[in-house]
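Encoded as structure tokens, the structure appears first; notes follow it.
The values are calculated or read from the model by the stated rules, or taken from the named source; none is laboratory data. The structure presented is a predicted model; accordingly, all values stated were derived computationally and were not measured. All Cβ positions, even for glycine, are placed from backbone atoms using ideal geometry, and neighbour counts span all protein chains on display.
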Amino acid sequence: MQIYLTLMLFFPLFGALISMLLGRKLPRRLVEANACAAVWGSFVCALCAAFAYHAPETVVVGRWLAAFDLQAPISLYLDPLSLSLAVMIGFVCGLIHIYAVFYMAGEADYPRFLALLNLFVFAMLTLILAENLPLLYLGWEGVGFCSYLLIGFWYTDKNNADAGRKAFITTRIGDTALVVAIAWLFQLFGTLSITELNGMAFLMPGWIITAIGLLMLVGAMGKSAQVPLMVWLPDAMAGPTPVSAMIHAATMVTAGVYLLARMFPLIGGSGTVLAAIAVTGGVTAFYGASCAVAQRDLKRVLAFSTISQIGYMMLGVGAGAVTAATFHLLVHAFFKALLFLGAGCVINAMHHEQDIFKMGGLRRTLPLTYWCFLAGALCLAGLPLTGGFFSKDSILAALWLKGGPLYCGLYLLALVTALLTAFYSFRLVYLVFYGPDQKPHRNRELRVMELVLIPLAVLGLFGGVLNLPAYLGEGFLSGFFAQLAGGAAAEGSHTEELLLQAVAGGLALAGLLAAHLRYGGKARAQRLLESSSHPSPMAAFLLNGWYFDRFYRALLIRPYQALSGILWQAVDEGVIDDTLDRLAGGLGASGSWLGRWSTGRVSMYIISFAAGGALVLGYLAWLVIWPTG
Amino acid sequence: MSVPLYHVLILASIMFAMGLGCVIAWRANVIMMLIGIEIMLNAVMLTFVAGSAQWGIADGQIFSLMLIALTSAEVSLALAMVVYLHRRKRSVDTDDFDSMKG
């Protein structure tokens, strides 16, 4: 087991190092093959670990931090949660690497790109497998760092570089809360091992656990783009599309959900924390879906839908259903990667046009992409019998079964969100693929890129078999996760469950119907006409993400700029610089006054030097000849 | 030890005095001043070596070896500066360079 886990981390790290150090020297094909092989090697290790898996296991790979009481070795922990995520990450990232090689075929700076992708996989696996919080935090910051560099990959454009900085700074707010939580945990318990901490929650009074849980929630908000720290994710779409698929949809942004699921035994005891998580998730899910309805940029629609879907996962954690949240996390990774990669194919075929109102007619000219994208949209919308339907329904069911006015309210909000989700998914499909034919730009790369979509589409559509509802037989994940805390969710009767699924399925169909009425057939041309005119206030409100960016600009950025302006011009230039300037001026003036006493002639100096030396010698000689005392 | 220490010291003092005289007297030419400095340094080195031989300790010899290395570095720098100064004022007379005067 140790060898599998070590190699799983080692392959991507080694691949990244090779790309970094030798990327320019080796032939291009070799570098690309190396990057893909590193991730697939890691995936094979994950599979081997899955087959060899019997019970949760801790593996110590090496020493890391050790000072006084603080012990943080490089130790990895394999349990159902980390194992299922590791397998998913290996597979999805492996496919995306292959896709990325072809997507970036024209990119001159490919070694940097591939090295960062590999490094990202390493950091993400570290985060997933870490047994102690410092190691988890190392992975946490590692993925943030790679994300920052990859969003700003085309850094010569200032907008991209700004988007990278925005992502980094926004997530930093959450990270700070997480660091505070980690330090506080160490002060309280004297250990940072996750397995030990999870068993010690009962030692502390409730309010401390609540405070730590809330700090971790803030950390998760930053990384998982939850309200109110979600503003960075739509802008993160400035990065290359494979990056959006891998980092900002399938893996990194789910790290917050993973953190909360991982620490669930510790923080799950506090009802306040669970309610806060659920409310955050519910509000975010609704926020993301409502914004996605009005977006015009293909990738921004998907970005907002990611925010919304991660909101669902948070809802699942908040309802105490870690299995349901993880189930949705896995299925979402498949279908969201699929949607993003499909979007990448579309963008590639449309000469890098991203406005969905300028697309259309790709249904017949790009059939493979169309069918795969449709599969992704079906999953996202949660149409019955797709993977997304089962996973989303398990979260909804958990909310319903939790009961109480808060959770019932959130259940209703989640239902509205599901309706919106189905609507915007098919709005996208209708706008991008239907309507009059356009001539796409086909090339060799596109053909390979389309092939990558197929396995993801299959997994997305049939992902439901991972965890079938109880009336269809035992769910695999439920059985697998049963021994995890929060893994065994409350189960309703079969009729109740069927009823809940019927409601969710009906809403998804209603959303599809609404999208068809508004964007399908003849109505599509009408909407295209409307799109060129000025958007209505409501549409503008949603298009700009509820004006959150503007709000933060007024609330935080403007005062900050004003303050830094004062500090710069009044304090730095006015006080500090002026003081130093005057001091230097004074010293200079006194120096030139003193300088009047000197001749500036070297010979004069030498003679005085020699005379001084003679004087000293004479004094010494005098001491020798007439010694005193 | 065939040569007594005093003799060597006297020789070194004479060399030092001559070097100093050269530096003081020949200020019209920077290069000659550098040569004077070299002579003074060699006198010092001679003292070191003599002391080392007198007391049988290698320190003095090691020190003079280091001095040789340092001196060569110093001379190369100094000559480069002489070339530079000559380029600026077409002169190597030290009294022409009096910008140090306040």
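Can you give me the ranges of the helices (runs of 4 or more DSSP H) entirely in region A:261-339 with at least 2 residues that are touching a Pro at 6+ places or on another chain (Cβ under 6 Å)? If you could, list the steps in order and put the result at the bottom.
Numbers: elements: A:264-267, A:271-294, A:298-318.
Result: A:298-318.
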| message | If A:Gly222 meets every condition in (1) closer than 23 Å to A:Leu543 by Cα; (2) at pLDDT below 90 apart from one, which number is that one? | response | (2)
| query | Which of the residues that make up region A:368-413 are over 21 Å from A:Thr326 (Cα atoms) and in contact with an Asp or Glu (Cβ under 9 Å, 6 or more places away or on another chain)? | reply | A:Leu368, A:Thr369, A:Cys372
| request: Answer yes or no as to whether A:Thr191 is touching a strand residue (DSSP E or B) at 6+ places or on another chain (Cβ under 7 Å), at pLDDT below 90 and of a type in the set (Val, Ile, Thr). | output: no
| Taking region B:87-101 only, how many residues are modelled with pLDDT of 75 or more and out of contact with any Asp or Glu (no Cβ under 8 Å at 6 or more places or on another chain)? | 10
| Conditions (1) closer than 30 Å to B:Ala17 by Cβ; (2) out of contact with any Asp or Glu (no Cβ under 8 Å at 6 or more places or on another chain); (3) within 13 Å of chain B (Cβ to nearest Cβ); number of the one not met by A:Ser592 | (1)
| field | Which numbered condition A:Ala621 misses (of (1) on the phi > 0 side of the Ramachandran plot; (2) over 41 Å from the mean Cα position of the chain (by Cα); (3) of a type outside the set (Ser, Thr, Tyr)) | value | (1)
| query | Here is a list of conditions, (1) small (Gly, Ala, Ser); (2) on the phi > 0 side of the Ramachandran plot; (3) at pLDDT 90 or above, and B:Gly36 meets all of them except one; can you say which number that is? | reply | (2)
| Sole residue being closer than 29 Å to A:Leu76 by Cβ and not acidic (Asp, Glu), chosen from A:Thr254, A:Thr210 | A:Thr254
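Could you say which residue among A:Ile607, A:Ile576 is part of a helix (DSSP H, G or I), free of Cβ contacts under 8 Å to residues at least 12 places away in the same chain and within 14 Å of another protein chain (Cβ to nearest Cβ)? Please lay out each step first, then the result.
Working: A:Ile576 fails: within 14 Å of another protein chain (Cβ to nearest Cβ).
Going through A:Ile607, A:Ile576 in turn, the sole match is A:Ile607.
Taking region B:1-32, which residues are more than 30 Å from B:Met81 (Cα to Cα) and within 14 Å of chain A (Cβ to nearest Cβ)? Quick ask: steps written out before the conclusion?
Here is the first cut: in region B:1-32, the residues more than 30 Å from B:Met81 (Cα to Cα) are B:1-11.
The one that is more than 30 Å from B:Met81 (Cα to Cα) and within 14 Å of chain A (Cβ to nearest Cβ): B:Leu9.
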| request: Answer yes or no as to whether A:Arg601 is more than 14 Å from every other protein chain (Cβ to nearest Cβ) and among the basic types (Lys, Arg). | output: no
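For region A:610-629, what are the residues that are of a type outside the set (A, V, I, L, M, F, W, C), over 28 Å from B:Val82 (Cβ atoms) and in a helix (DSSP H, G or I)?
Scanning region A:610-629 gives A:Gly618, A:Tyr619.
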| field | Members of region B:33-86 that are within 14 Å of another protein chain (Cβ to nearest Cβ) and loosely packed, with under 13 Cβ neighbours inside 10 Å | value | B:Met81
| So which of A:Phe548, A:Phe609, A:Phe541 is modelled with pLDDT under 90 and closer than 30 Å to B:Cys22 by Cβ? | A:Phe609
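Quick check: is even one residue across region B:47-59 aliphatic (A, V, I, L, M) and not in a helix (DSSP H, G or I)?
Step one: filter region B:47-59 for residues aliphatic (A, V, I, L, M), giving B:49-50, B:53, B:57-58.
This time we only want the ones that are not in a helix (DSSP H, G or I), so: B:57-58.
The answer is yes, given that some residue of region B:47-59 is aliphatic (A, V, I, L, M) and not in a helix (DSSP H, G or I).
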| request: For residues that are over 26 Å from A:Leu383 (Cα atoms) and without any contact (Cβ under 8 Å) to a residue 60 or more places away in the chain, tally how many sit in region A:502-531. | output: 3
| Hey, any hits in region A:537-553 for a residue that's surrounded by fewer than 13 Cβ atoms within 10 Å (Cβ to Cβ) and within 14 Å of chain B (Cβ to nearest Cβ)? | no
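Look at region A:348-364 and say how many of its residues are part of a helix (DSSP H, G or I) and either small (Gly, Ala, Ser) or more than 27 Å from the chain's Cα centre (by Cα) (or both). Walk me through how you get there before you give the answer.
So in region A:348-364, the residues part of a helix (DSSP H, G or I) come out as A:348-349, A:356-358, A:362-364.
Subset that is either small (Gly, Ala, Ser) or more than 27 Å from the chain's Cα centre (by Cα) (or both): A:349, A:357-358, A:362-364.
The total comes to 6.
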| Assuming A:Thr176 fulfils every condition listed in (1) part of a helix (DSSP H, G or I); (2) in contact with a helix residue (DSSP H, G or I) (Cβ under 6 Å, 6 or more places away or on another chain); (3) β-branched (Val, Ile, Thr) apart from one, which condition is it? | (2)
| said: For region B:87-102, give me each residue that is surrounded by 12 or more Cβ atoms within 10 Å (Cβ to Cβ) and either among the polar types (S, T, N, Q) or more than 14 Å from chain A (Cβ to nearest Cβ) (or both). | reply: B:Ser91, B:Thr94
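So, A:Thr156, is that one surrounded by fewer than 21 Cβ atoms within 10 Å (Cβ to Cβ), without any contact (Cβ under 8 Å) to a residue 60 or more places away in the chain and farther than 21 Å from A:Pro242 by Cβ or not? It would help to see each step written out before you state the result.
Values: surrounded by fewer than 21 Cβ atoms within 10 Å (Cβ to Cβ): yes; without any contact (Cβ under 8 Å) to a residue 60 or more places away in the chain: yes; farther than 21 Å from A:Pro242 by Cβ: no.
When the stated conditions are applied, A:Thr156 does not pass them.
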| Boolean, B:Ala69 is more than 18 Å from B:Phe16 (Cβ to Cβ), part of a helix (DSSP H, G or I) and modelled with pLDDT of 90 or more | yes
| said: Within region A:388-410, take every residue that is over 11 Å from A:Leu500 (Cα atoms) and among the hydroxyl-bearing types (Ser, Thr, Tyr) and give me the one that is surrounded by the fewest Cβ atoms within 10 Å (Cβ to Cβ). | reply: A:Tyr407
| request: Working only within region A:518-552, note down all residues that are of a type in the set (Ser, Thr, Tyr) and closer than 12 Å to A:Gly435 by Cβ. | output: A:Tyr519
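I'd like to verify a number: residues in region A:26-81 that are basic (Lys, Arg) and assigned to a loop (DSSP other than H, G, I, E, B), how many?
In the first step, residues of region A:26-81 are kept if they are basic (Lys, Arg); the result is A:28-29, A:63.
Those left that are additionally assigned to a loop (DSSP other than H, G, I, E, B): none.
Qualifying residue count, region A:26-81: 0.
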| Does A:Ile182 meet the test of being in contact (Cβ under 8 Å) with a residue 24 or more places away in the chain, among the hydrophobic types (A, V, I, L, M, F, W, C) and more than 30 Å from A:Leu70 (Cα to Cα)? | no
